Amino acid sequence: MAKDPGYTVFARRYRPVTFEEVIGQEHVWKTLRNAIAENRVGHAYLFTGPRGVGKTTMARLFARALNCVKGPTDAPCGTCEICVSVHEGGDADVIEMDAASNRSVEDARDLREGIRYAPLRARSKIYIIDEAHMLTREAFNTLLKTLEEPPPHVKFFFATTEAHKLPDTITSRCQRFDFRRITTADIVHRLKQVIEGEKLKVDDAVLAAVARAAHGSMRDAEGILDQVVSFKQKGLSEDDVASILGEAGGQHLGELIESLRSGNAGKVFTSLAAIFSSGVDTTAFTDQLLERFRALLAIKVCGRNLDVVDLPEGDLAECEKQSGGFTLEALLYFIQLVLEAKRRIREGSNPRIVLEVSLVKMAKAADLIPLAEALRAAVPVAAAPAAPAVPATRPVPRDEEPSPPPESLVEPAPPPFVGTPTTSDEGQAAWPRVLAAVKAKSAVASALLANARIARLAGDNLSLALPPGFNKFHLDRLEDPKNKKVVEEAVQSVFGRKLAVKVMLEAGGAGPSAPAAKTAIPQTEATADPGVKKILEAFGGSKVVGIE
């Protein structure tokens, strides 16, 4: 009775047998095929890139091309004894070494000794050293001379995911090829070939979920597909893939994103409870959140760019819709919170509590006030002094709130003037429009004119008055040609004609010798403000120096 050879996983059963089958690495195999066709084969090659993208497979295919009975050829037959044995990893002249377990200087010496002997039956003796970055520096030094001037029958292939760990003396003696992550579309295309070979029926949405979970690794994708098919061969869904991988299902994730968009903290808790009850893996779910927010951010910034957002069409359309509900600042904030949550979970904090707190913060992100705005609200910029107040009959205690005046005594603000001003009063009413036009061109000029008033408008002349507290320094800044041009253009756009603008100081303003560049304020008055107190406590301050 023949012995059962056992089950062979998809990644091995469907290993590429031709250069063209190595998906996503055309830039590598086309160069290697041309080198064979033009008889320009080097003696040492370095294949570097992410895991599972075909580095070792490419080295085996190149070894077949060199040693095939019809070769060297850029199209090995695949049927001769040498091609078959190289593909199966058992050829005596193609030696594969795992540098992780054969990393010492003694292993390197044994390899160097074997190099001296000619191949048993093939043209070339080929060494494929996987995880080459694991070799010790002493082992590399042992190989250095041999690698520089090997016998003509010897070829080296170094495969690694961390090329930066190899000594420069080694990499400089190799032809380097950088392997790329494989796109989701290319992985789906290859998985369809696997499904057809297995005579199975799997929806494209399931294959897309498998490809997305592989993060650019074909070997990982084939391994996940193998696991998914073992779970259920008929009626597979995206949620089945998510369940196997420990991720949240598409519906649960969509509900969670919607609760963040609407700012519903209660819905955040219920959505997260449903996700945890489905048995998600905390690490996988956190990575899933990070990937989703990254996709939303990329779409927000770049739009539908498949080179940046590598998603299937259905997921891409869903992310486009979701990204419209968030600002750019909110998505950046979300990513920071998820990264912080990953760190805390890694340090041993309760994963569920960490995620709940982080997601509630996201839901309430719209309630946050920027620090600059809080500072402006706590310490307002000094404006022109108000009219003298009527003396009070008694001093008002500091903690007593003054009563607001009756509505009948409050004079309503005049409506803004929207026409073309012809008088001083009309010009003053239209002044906010001038300030808006100035602010669009110069924040400095806008700040200087914020408290100015129109003193006189006559003919083609406009006189502006700066309130007390301003001095010659401010006048000089406004007379600067750049600022003056901005002001004159803004006045012309609102007043409908070109005016000669003259700026002066109101009576009581500081003269040329006045040094005040900051507005001094009494310490007792400034530090009594609750907002100022909080800011001083937060930043460890003791007093307010001034307001600019």
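The values are calculated or read from the model by the stated rules, or taken from the named source; none is laboratory data. No experiment lies behind these values; they were computed from the predicted model shown. All Cβ positions, even for glycine, are placed from backbone atoms using ideal geometry, and neighbour counts span all protein chains on display. For accessibility, only protein heavy atoms count, side chains too; no ligands or nucleic acids. Shrake-Rupley method; radii C 1.70, N 1.55, O 1.52, S 1.80 Å.
Along the range 218-230, what does the Karplus equation 6.51 cos²θ - 1.76 cosθ + 1.60 (θ = phi - 60°) give for ³J(HN,Hα), rounded to whole Hz, x for Gly and Pro?
Residue by residue, the range 218-230 yields 5, 5, 5, 4, 5, x, 5, 4, 4, 5, 5, 5, 5 Hz.
Add +1 for every Lys or Arg and -1 for every Asp or Glu among the other residues with Cβ under 10 Å from the Cβ of Asp460, and state the total.
Working: positive: Arg497, Lys498; negative: none.
So the environment of Asp460 carries a net charge of +2.
In the calculated pair distance distribution of the range 115-168, what percentage of Cα-Cα distances lie above 16 Å? Don't skip to the end; give the middle numbers.
On the way: 663 of 1431 pairs.
Pairs farther apart than 16 Å: 46 percent.
Just to confirm a number: summing +1 for Lys and Arg and -1 for Asp and Glu over residues other than Pro152 whose beta-carbon lies under 11 angstrom from that of Pro152, what do you get? Intermediate results must be reported in sequence, preceding the final value.
Values: positive: Arg123, Lys125, Lys155; negative: Glu149.
With Lys, Arg at +1 and Asp, Glu at -1, the net is +2.
What does the convex hull of the alpha-carbon atoms of the range 267-368 project to on average, in nm²? List each step's numbers first, then the result.
Values: hull surface 27.5 nm².
Value for the range 267-368: 6.9 nm².
Could you please state how large a percent of the accessible area of the range 180-260 is carbon and sulfur, counting protein chains only and using a 1.4 Å probe?
On the way: 1760 of 3830 Å².
Reported share for carbon and sulfur atoms: 46 percent.
Calculate, in whole percent, how much of the Cα-Cα pair population of the range 47-169 lies beyond 22 Å. If you can, show how the numbers build up before the last one.
Details: 2546 of 7503 pairs.
That tail contains 34 percent of the Cα-Cα pairs.
Relative contact order for the range 93-176: what is it in percent, counting Cα pairs under 8 Å that are at least 6 residues apart?
Numbers: 120 pairs, mean separation 30.2, N = 84.
Averaging sequence separation for qualifying contacts and normalising by length gives 36 percent for the range 93-176.
The range 1-90: D in µm²/s via Stokes-Einstein (Kirkwood Rh, Cα pairs, 10 °C, 1.306 mPa s)?
On the way: Rh = 14.1 Å.
In µm²/s, the coefficient is 113.
Amide H neighbours of Ile129 under 5 Å, at least 5 residues apart or on other chains, H built in the peptide plane: list them.
Amide H neighbours of Ile129, under 5 Å, 5+ apart: Met97, Phe157, Phe158, Ala159.
Give the aspartates and glutamates reachable from Lys267 as a straight Cα distance under 15 Å; neighbours fewer than 8 places away on the same chain don't count.
Qualifying aspartates and glutamates at Cα under 15 Å: Glu255, Glu258, Glu356.
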